[in-house]
Amino acid sequence: MAAAVAASPTAVAANTSVSSNLSKKPTSSSLPLHPSKPLAKPLSLTAHKLAVRNSIAASSRDPNFEPLPSEDNPIKNPLAAAFKNPNFEPLKGKSPASDGTSDVDFSLDKPREECGVVGIYGDTEASRLCYLALHALQHRGQEGAGIVAVHDNVLQSITGVGLVADVFNQSKLDQLPGSSAIGHVRYSTAGASMLKNVQPFVAGYRFGSVGVAHNGNLVNYRSLRAQLEESGSIFNTGSDTEVVLHLIAISKARPFFVRIIEACEKLKGAYSMVFLTEDKLVAVRDPHGFRPLVMGRRSNGAYVFASETCALDLIEATYVRDVNPGEVVVVDKEGEHNLCLMPHPEPKQCIFEHIYFALPNSIVFGRSVYESRSKYGEILATESPVDCDVVIAVPDSGVVAALGYAAKIGVPFQQGLIRSHYVGRTFIEPSQSIRDFGVKLKLAPVRAVLEGKRVVVVDDSIVRGTTSSKIVRMLREAGAKEVHMRIASPPMVASCYYGVDTPSSEELISNRLTVEEIREFIGSDSLAFLSFDSLKRYLGNESPNFCYACFSRDYPVKPSEVKVKRIGDFLDDGLNGSIESIDGGWVQTRTEKDKIVGQSV
């Protein structure tokens, strides 16, 4: 996972600020890196790399550090300047293929969830139900999918790279008979997107076989792996989940679920996992409960575990409860057994599940995701109203908050942006003269809604800001008279270690610029974020149960080992790229004790 890098105190914006500059609108696509002092020549690729490395080095050492000018780097602070350039984009990893294809991040400048898990026990159609449940969880990961089922005391596995519908068909599901199964959809945070890293993993040990599907991220993965390798363990994948299997295999505890408890006691970080053996299904959640995991029952008595309740709904299972933080639930032919993994601290559930990750029709951490997002929009409308003619959303994650905003101020909500659901990560690039091609391929403005209107556009978050700037420019080109951005979350100033793929803090625009500077960067007439204090007030007595590290830098579990992605880290994540495309890969950073712990690849 990307790690948090300390930022200059002056770079952090106040959460509640509304920035406006109605008289000074951006006029076109290209602004100089220093608006008042244009460069004599464009910033070269070499200068960009130097700027990145200088800035990261500065962040880990002296907050007042400024890189020295060089022949290729004539500006005083190129990274800060680049953030103020609407055309600045992080470097994209190119495929070595010669057919003109390239991998482009279509997440629209969003954090991405690592994965979703499902487990089913006691249904003769277990693998098919797993398949349907994974469809419902597809939004949590699109890079790989897998199912493991038990038949005649043998664990059988099918995994593949791509979407659930691409990996499985009728004939493959026919190869997975049995009444118990676990499944997984994946977006990688640890380990490349190769087939060998697609879960569930299956391993044999002295007393049988075990399969595991994991949602989360272990912050002590590297040290655990080093200890295991020192003892002779051999690893086949680059995933932190494989460490769990090794810890189970070397345990001498009996029965099996005690091995899981022993293994989990050594883990630090976020994990919601389902395990499958020849006769048992085991669900476990970390003591802080970072990632969601729910339990349901079907009418025939079958048990279902899943990352979200939307998966239960699809396969007609009734929601029973959440798996508690620090709880182990063992299901076998004798029924359900509940154990406490270890004395657990105060829960720290990921607030971004309610802001962005989960589907609106899910119940996550005991709360309706739809109601949460609608309320965030209402709070935004109360705190940051603006005279406007229409409210639109950046689909799909901004829609419910936009509905709440529009209802509160009494202005109609309309579909000003139409999202294409048929865009993959790879395409043939046209001429560079087609500006903002990637965003236009994903989102199309509706001129009839926008032309001549004062538009409020609601989004769930701003990460790097590059996509937001393109959306604002696209709305203006479609005839919008004014564009006011409203963000239904506080400014994101720090990276996540707990199973969410966020950029390094160097890349988070709210970590470097004030709200007014961000408004200027994206080119909107005004900009407002949801107040952090208002968010916590809305959660009420449950507020202490949530993790806000990405907004506050207050990490419930501080990692002893971190790796920081450099700006514009290659995006193909090992699927098509060569080792040369990494170009330095992970960079070094410092822990609280000021020790360099990062590693280069």
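The values are calculated or read from the model by the stated rules, or taken from the named source; none is laboratory data. Keep in mind the model is a prediction, meaning the values are calculated, not measured. Glycine also receives a Cβ, built like all others from the backbone with ideal geometry; neighbour counts cover every protein chain displayed. These area figures cover heavy atoms from the full protein model, side chains too; ligands, DNA and RNA do not enter into them. Shrake-Rupley method; radii C 1.70, N 1.55, O 1.52, S 1.80 Å.
Summing charges over neighbours of Val154, with a neighbour being any other residue whose Cβ is under 13 Å away from its Cβ, gives -3 when K and R count +1 and D and E count -1.
For the pair region 291-330 and region 334-382, the centres of their Cα atoms are 14 angstrom apart. Once you have a ≥ b ≥ c as the square roots of the Cα gyration tensor eigenvalues for region 112-345, tell me rounded if a/c is under 1.5, and otherwise prolate or oblate according to whether a/b is larger than b/c. Rounded shape, in that the Cα axes give a/c under 1.5. Going 7 Å from the Cα of Leu314 along its beta-carbon direction, which residues of region 116-139 have the amide nitrogen within less than 16 Å of the resulting point? Only 116-120, 126-139 pass the distance filter. Protein heavy-atom surface of region 112-345, 1.4 angstrom probe: 50% of the accessible area is carbon and sulfur, with nucleic acids and ligands not counted. Phi angles across region 134-139 convert, under the Karplus curve 6.51 cos²θ - 1.76 cosθ + 1.60 with θ = phi - 60°, into 3J(HN,Hα) values of 5, 4, 5, 9, 4, 5 Hz, Gly and Pro given as x. Heavy-atom accessible surface of region 290-379, averaged per residue, reaches 38 Å², computed with a 1.4 Å probe. Counted by Cβ distance under 9 Å from Pro292, the other residues give a net charge of -1, where Lys and Arg count +1 and Asp and Glu count -1.
Taking 17 Å as the cut-off, the amide N atoms of region 323-337 that come nearer than this to a point 7 Å along the Cα-to-beta-carbon line of Glu278 belong to 332-334.
Scoring 299-308, 330-339 by mean Cβ neighbours within 10 Å over their residues and listing the highest first yields 299-308, 330-339. Each Lys or Arg adds one and each Asp or Glu subtracts one; over the other residues with Cβ under 12 Å from the Cβ of Asp389, this totals 0. Placing +1 on each Lys and Arg Cβ and -1 on each Asp and Glu Cβ, with no other charges, gives region 112-345 a dipole about its Cα centre of roughly 380 debye.
Among 467-473, 154-160, the peptide with the highest mean count of other Cβ atoms within 10 Å heads the list, and the full ranking is 467-473, 154-160.
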